[in-house]
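Peer 1: First the structure, then my questions, so here it is.
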Amino acid sequence: MTKMKSNNAVSSLSYLILFLATFVFTSVTSEDPYKYFTWKVTYGDIYPLGLKQQGILINGQFPGPQIDTVTNENLIISVFNYLSEPFLISWNGIQHRRNSWQDGVSGTTCPIPPGRNFTYTLQAKDQIGSYFYFPSLGMHKAAGAFGAIRIWSRPGIPVPFPSPSGDITILAGDWFKLGHRRLRRVVESGHKLPFPDGLLINGRGWNGNTFTVDQGRTYRFRISNVGLATSLNFRIQGHSLKLVEVEGSHTLQNTYSSLDIHLGQSYSVLVTADQPVKDYYIVVSTRFTRRVLTTTSILHYSNSRTGVSGLPPPGPTLDIASSVFQARTIRWNLTASGPRPNPQGSYHYGLIKPTRTIMLANSAPYINGKQRYAVNSVSYIAPDTPLKLADYFNIPGVFYVGSIPTFPTGGNNGYLQTAVMGANFHENVEIVFQNWEDSLQSWHIDGYSFFVVGFGSGQWTPDSRGRYNLRDTVARCTTQVYPRSWTAVYIALDNVGMWNIRSENWERQYLGQQFYLRVYTPSKSLRDEYPVPKNALLCGRANGRVTRPF
């Protein structure tokens, strides 16, 4: 009896300490404003390609509501699931500092069951820029429920261009006429997805949107590729695109006639309405596909009485060299402020020597007679319990650290595994994405931005480091890897948590081309990682556990 009382006293003391620490932390950060959102997720009829389909809507909208926030604001987003299936939302590019609990992927968060709700608590901590959210389970992304996120700089922190006359969001992507359930059955049966049926801009097909501008004024266009399968090229008839931001980094302001935007990527460009008064095509077309899909919107000069005519201007198609050249010209603006007033270039990433190298090779093996996709021969399978919860509650048998090798194993064979790679807090890591396939790959890392230091054709070797850009490469969260080529990135592991590394090609992601990086510290300090949310949903082998009382 005495022992029980002692344990209860220790437990109460631990909770009291946790409460006081949380209180102190909340008090310190209480000056950051809060914004509250209530989202109702439902099915609804949509007609994106002129054909009635069942979409997934947020508050009746397709695409979903746009999130506008300012650096360091807290976002409280209560999501009610009125679907007949579990649902999750993830936040492409939001870093969730010390808080992978809110990442909204199956390895960190239990799905929201039908008829239930979950409230995300996010903070745009030390971030600016253009991002998007999307549904992360199954093939829900093929039905909608995605939307734009715009993180604005705090007042008083200079932006390296004059305030534009307007800020226009472009959510572009490929689209399938088959519903998300049928697409899921296709890939689960061991077959590849068909070629997309069309392209959408902001949920609409050909000439489905009109954006009105005043002659002589300059506008910011934020463009994201929210598709499932294809790279895109973006252009505006007769107008130049001045690049100013890539996924939170202000860039050198180079001018382009068109811009390649690969799966999962986001860009900001300035467009000046400096042409004769009329209407012009805004064009999006597929890149690196033998059959080229195209869709358009309209750039309408406010006093124009002349509509668009003729064919939209053609863009690049299969040519890879021009895309590589363009990618090499995207550089960091070292004199611009980021989310804080200090210049972006004050972080000298090129002077920090990585402590380890990780090489990740994608492949497309058949396993048990079905098409799968793999990283270093490991094809990821999701466990019944989110990895983050299993780690927190010390639940055995869900995963083990080191279940995916840090270098390719060679060969085309693959095997199924719940893949988790281990890394230490504050490590500086070089990651090389090696692509031996004939298709372009697009990779995303949750919880971080990273520096794309180099890319080249063929096999990466240590000698490839001699071609790295260690001065002004851009920091971003999604990068492309060209066919039979490699891309190298530097990443400082300063964010404790369980972080998803995945292909942005959704068929590949769904069939195993992803894994989790466990960035670990033995410290239990709130300075390093937040505790499990009190409202965390519990599922699988975490059912019946207790989160925390405060």
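The values are calculated or read from the model by the stated rules, or taken from the named source; none is laboratory data. Just so you know, these numbers come straight off a predicted model, no measurement behind them. For neighbour counting, all protein chains shown are included, and Cβ atoms are generated from backbone atoms with ideal geometry for every residue, glycine included. With ligands, DNA and RNA removed, areas are computed over all heavy atoms of the protein, side chains included. Shrake-Rupley method; radii C 1.70, N 1.55, O 1.52, S 1.80 Å.
Peer 1: Which one of these is β-branched (Val, Ile, Thr) and either open to solvent by 10 Å² or more (accessible area, probe 1.4 Å) or within 16 Å of Leu200 (Cβ to Cβ) (or both): Ile67, Ile46, Ile77?
Peer 2: Ile46
Peer 1: Can you name every residue in region 538-550 that is out of contact with any Cys (no Cβ under 8 Å at 6 or more places or on another chain) and either open to solvent by less than 20 Å² (accessible area, probe 1.4 Å) or part of a loop (DSSP other than H, G, I, E, B) (or both)?
Peer 2: Listed by number, the residues that qualify are Asn543, Gly544, Arg545, Val546, Thr547, Arg548, Pro549, Phe550.
Peer 1: Residues being open to solvent by 10 Å² or more (accessible area, probe 1.4 Å), farther than 18 Å from Pro354 by Cβ and in a loop (DSSP other than H, G, I, E, B): count how many of those fall in region 439-461.
Peer 2: Going through region 439-461 one residue at a time, the tally reaches 4.
Peer 1: Residues in region 59-75: is at least one within 14 Å of Tyr120 (Cα to Cα), outside any loop (DSSP other than H, G, I, E, B) and out of contact with any Gly (no Cβ under 8 Å at 6 or more places or on another chain)?
Peer 2: yes
Peer 1: If you don't mind, there's one more thing I want to ask. Tell me which of these Gly345 doesn't satisfy, since it passes every other one: (1) free of Cβ contacts under 8 Å to residues at least 60 places away in the same chain; (2) open to solvent by less than 60 Å² (accessible area, probe 1.4 Å).
Peer 2: If we test Gly345 against (1) free of Cβ contacts under 8 Å to residues at least 60 places away in the same chain; (2) open to solvent by less than 60 Å² (accessible area, probe 1.4 Å), just (1) comes out false.
Peer 1: Sticking with this structure for a sec: In region 398-438, what residues are of a type outside the set (A, V, I, L, M), touching a residue at least 60 places away in the same chain (Cβ under 8 Å) and part of a strand (DSSP E or B)?
Peer 2: Gly422, Asn424, Asn428, Glu430, Phe433, Gln434, Asn435
Peer 1: When Tyr133 is evaluated against the numbered criteria (1) under 22 Å from Asn505 (Cα atoms); (2) outside any strand (DSSP E or B), which criterion, by number, is the only one it fails?
Peer 2: With respect to (1) under 22 Å from Asn505 (Cα atoms); (2) outside any strand (DSSP E or B), Tyr133 is out only on (2).
Peer 1: Taking the options Gly227, Gly238, Gly307, name whichever one is surrounded by fewer than 17 Cβ atoms within 10 Å (Cβ to Cβ) and either of a type in the set (Ser, Thr, Tyr) or touching an Asp or Glu at 6+ places or on another chain (Cβ under 7 Å) (or both).
Peer 2: Result of the check over Gly227, Gly238, Gly307: Gly307.
Peer 1: Still on this structure, please answer the following. Is it true that some residue in region 526-537 is buried (at least 17 other Cβ atoms within 10 Å of the Cβ) and under 25 Å from Tyr373 (Cα atoms)?
Peer 2: no
Peer 1: Just to be sure I understand the filter: pairs with C-beta atoms under 6 Å, separated by 6 or more residues or on different chains, first member in region 363-384 and within 18 Å of Lys192 (Cβ to Cβ) and modelled with pLDDT of 95 or more, second member of a type in the set (D, E, K, R) and open to solvent by less than 70 Å² (accessible area, probe 1.4 Å). Which pairs pass?
Peer 2: Short answer, once both residue conditions are applied: Pro365/Arg372; Tyr373/Arg508; Ser379/Arg372.
Peer 1: Name the single residue that is modelled with the highest pLDDT among those in region 335-347 being over 24 Å from the mean Cα position of the chain (by Cα) and not in a helix (DSSP H, G or I).
Peer 2: Among residues in region 335-347 that are over 24 Å from the mean Cα position of the chain (by Cα) and not in a helix (DSSP H, G or I), the one modelled with the highest pLDDT is Thr335.
Peer 1: Next question, about the same structure. Of Leu299, Leu252, Leu293, which residue is closer than 28 Å to Asp197 by Cα and open to solvent by 10 Å² or more (accessible area, probe 1.4 Å)?
Peer 2: None of the other options fit; the residue is Leu293.
Peer 1: Return a yes/no flag: does region 150-162 have any residue that is assigned to a strand (DSSP E or B) and open to solvent by less than 60 Å² (accessible area, probe 1.4 Å).
Peer 2: So far as region 150-162 goes, yes, one or more of its residues are assigned to a strand (DSSP E or B) and open to solvent by less than 60 Å² (accessible area, probe 1.4 Å).
Peer 1: Looking for whichever is of a type outside the set (S, T, N, Q), buried (at least 17 other Cβ atoms within 10 Å of the Cβ) and within 19 Å of the chain's Cα centre (by Cα) here; the options are Leu171, Leu199. Which one fits?
Peer 2: Leu171
Peer 1: Here's something else I'd like to know. Taking the criterion of being open to solvent by 10 Å² or more (accessible area, probe 1.4 Å), closer than 30 Å to Gly144 by Cβ and touching a helix residue (DSSP H, G or I) at 6+ places or on another chain (Cβ under 8 Å), would at least one residue in region 491-506 satisfy it?
Peer 2: no
Peer 1: Return yes when Tyr131 is in contact with a Cys (Cβ under 9 Å, 6 or more places away or on another chain) and under 21 Å from Gln102 (Cα atoms) and no when it is not.
Peer 2: Judged against the criteria, Tyr131 is a match.
Peer 1: Hey, another quick one. Here's a check for you: in region 507-525, which residue that is more than 24 Å from the chain's Cα centre (by Cα) and open to solvent by 40 Å² or more (accessible area, probe 1.4 Å) is nearest to Pro111 (Cα to Cα)?
Peer 2: Lys524
Peer 1: Hey, another quick one. Across region 202-221, what is the total count of residues that are touching a strand residue (DSSP E or B) at 6+ places or on another chain (Cβ under 7 Å), open to solvent by 10 Å² or more (accessible area, probe 1.4 Å) and on the phi < 0 side of the Ramachandran plot?
Peer 2: 11
Peer 1: Right, next: For Pro276, are the conditions met, namely being out of contact with any Cys (no Cβ under 7 Å at 6 or more places or on another chain), free of Cβ contacts under 8 Å to residues at least 40 places away in the same chain, farther than 23 Å from Thr478 by Cβ and open to solvent by 50 Å² or more (accessible area, probe 1.4 Å)?
Peer 2: Yes, satisfied.
Peer 1: Could you list, in sequence order, all residues of region 255-273 that are open to solvent by 10 Å² or more (accessible area, probe 1.4 Å) and among the hydroxyl-bearing types (Ser, Thr, Tyr)?
Peer 2: Within region 255-273, Thr255, Tyr256, Ser257, Ser258, Thr272 meet the criteria.
Peer 1: Scan region 462-471 and tell me whether some residue there is open to solvent by 10 Å² or more (accessible area, probe 1.4 Å) and among the aliphatic types (A, V, I, L, M).
Peer 2: Yes; the residues of region 462-471 include at least one that is open to solvent by 10 Å² or more (accessible area, probe 1.4 Å) and among the aliphatic types (A, V, I, L, M).
Peer 1: Give the residues of region 80-115 that are over 18 Å from Gly447 (Cα atoms), in contact with a Phe, Trp or Tyr (Cβ under 7 Å, 6 or more places away or on another chain) and open to solvent by less than 30 Å² (accessible area, probe 1.4 Å), sorted by residue number.
Peer 2: Result: Asn81, Leu83, Ile112.
Peer 1: Let me ask something else. Go through region 351-404 residue by residue and tally those that are closer than 24 Å to Val452 by Cα and open to solvent by 40 Å² or more (accessible area, probe 1.4 Å).
Peer 2: Here the count works out to 5.
Peer 1: Then there's this: State whether one or more residues within region 479-487 are open to solvent by 20 Å² or more (accessible area, probe 1.4 Å), on the phi > 0 side of the Ramachandran plot and touching a residue at least 24 places away in the same chain (Cβ under 8 Å).
Peer 2: Yes, because at least one residue in region 479-487 is open to solvent by 20 Å² or more (accessible area, probe 1.4 Å), on the phi > 0 side of the Ramachandran plot and touching a residue at least 24 places away in the same chain (Cβ under 8 Å).
Peer 1: Of all the residues that make up region 413-463, how many are under 12 Å from Val489 (Cβ atoms) and among the polar types (S, T, N, Q)?
Peer 2: Counting residues in region 413-463 that are under 12 Å from Val489 (Cβ atoms) and among the polar types (S, T, N, Q) gives 2.
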